[in-house]
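**Student:** One structure follows; several queries about it will come next.
The values are calculated or read from the model by the stated rules, or taken from the named source; none is laboratory data. Treat the numbers as computed from the prediction; the structure is a model and nothing was measured. Backbone-built Cβ (ideal geometry, glycine too); neighbour counts: all protein chains shown. SASA here: full protein model, heavy atoms, side chains in, ligands and nucleic acids out. Shrake-Rupley method; radii C 1.70, N 1.55, O 1.52, S 1.80 Å.
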Amino acid sequence: MSAVPREERLIVALDVPRAAEARALVERLGDAVRFYKIGLELFTAGGYFELLEWLVGRGNRVFADLKLYDIPETVRRATANLSASGATFLTVHGHRSILEAAARAKGDMKILAVTVLTSFDQSDLAEMGAGGDVAQLVLSRARHAAEVGCDGVIASGLEAPRIKAEFGKRLLVVAPGIRPARARPSDDQKRTVDVAQAFVNGADYIVVGRPVRDAADPRAAAAAIQATIASAFKS
């Protein structure tokens, strides 16, 4: 496993409609969370970059989950702009040339290539006309990411073992779709694992949204996840 501070392995997704709500949730979570994801919902609400600057200024790490997908030159230029924002991670979608363009312009920021969304399963791939199975497609996209200079991938904890077996520390694995043990997802997530299993399988980070955001006590929910992570990385 990579030398990531244990307290930073939990990334809480600020999936709320407005920046003011995101700030309120961050303040409620306090020191239970060090790393936050801000994605498309907040990007379309206004105040995205002000929120990013505020998070960085208070000592948090930020994952800009924008899933850039456009012609390579546009992605390169957008990545270059974001590289000065203070974000730690940026997600990029797409083919080899798009990933390569982002990797060239990343600066100190790390590029995470999206493999297959955790809301997709085999039937979704068939509908899109993609050949092979989910695990094969994830591994193929991880290979492309590594070859062009990306730093990691977004992948389900289910695929983390195969990625780590092939790439070890070369690629970070950031796993969304985290749900409680023995619970069937009641939302759009299809390829899920629980917190402990994600790290057993080799994930470096997990992204948790609804289980923290929608908890009766979000801080207690985050603290419980942090306790599970601490147990997983006991020396």
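**Student:** Within the range 76-99, track down each residue that is free of Cβ contacts under 8 Å to residues at least 60 places away in the same chain, closer than 17 Å to F49 by Cα and among the hydroxyl-bearing types (S, T, Y).
**Tutor:** Passing the criteria: T79, S83, S85, T88.
**Student:** Right, next: When the range 83-121 is examined, which residues are found to be modelled with pLDDT of 95 or more and at positive phi?
**Tutor:** If the condition is that a residue be modelled with pLDDT of 95 or more and at positive phi, then G86, G107 are the ones that fit.
**Student:** On the basis of being in contact (Cβ under 8 Å) with a residue 40 or more places away in the chain, farther than 29 Å from L137 by Cβ, open to solvent by less than 20 Å² (accessible area, probe 1.4 Å) and not acidic (D, E), does A13 make the cut? Before the answer, list the steps.
**Tutor:** Values: in contact (Cβ under 8 Å) with a residue 40 or more places away in the chain: yes; farther than 29 Å from L137 by Cβ: no; open to solvent by less than 20 Å² (accessible area, probe 1.4 Å): yes; not acidic (D, E): yes.
No: the conditions fail for A13.
**Student:** Looking at the range 194-235, which of the residues that are among the hydroxyl-bearing types (S, T, Y) and outside any helix (DSSP H, G or I) is least open to solvent (accessible area, probe 1.4 Å)?
**Tutor:** Y205
**Student:** Considering only the range 25-103, give the helices (runs of 4 or more DSSP H) lying wholly within it that have at least 2 residues that are open to solvent by 70 Å² or more (accessible area, probe 1.4 Å) and touching a Ser or Thr at 6+ places or on another chain (Cβ under 8 Å).
**Tutor:** Numbers: elements: 40-43, 48-57, 72-82.
The helices (runs of 4 or more DSSP H) meeting that bar are 48-57.
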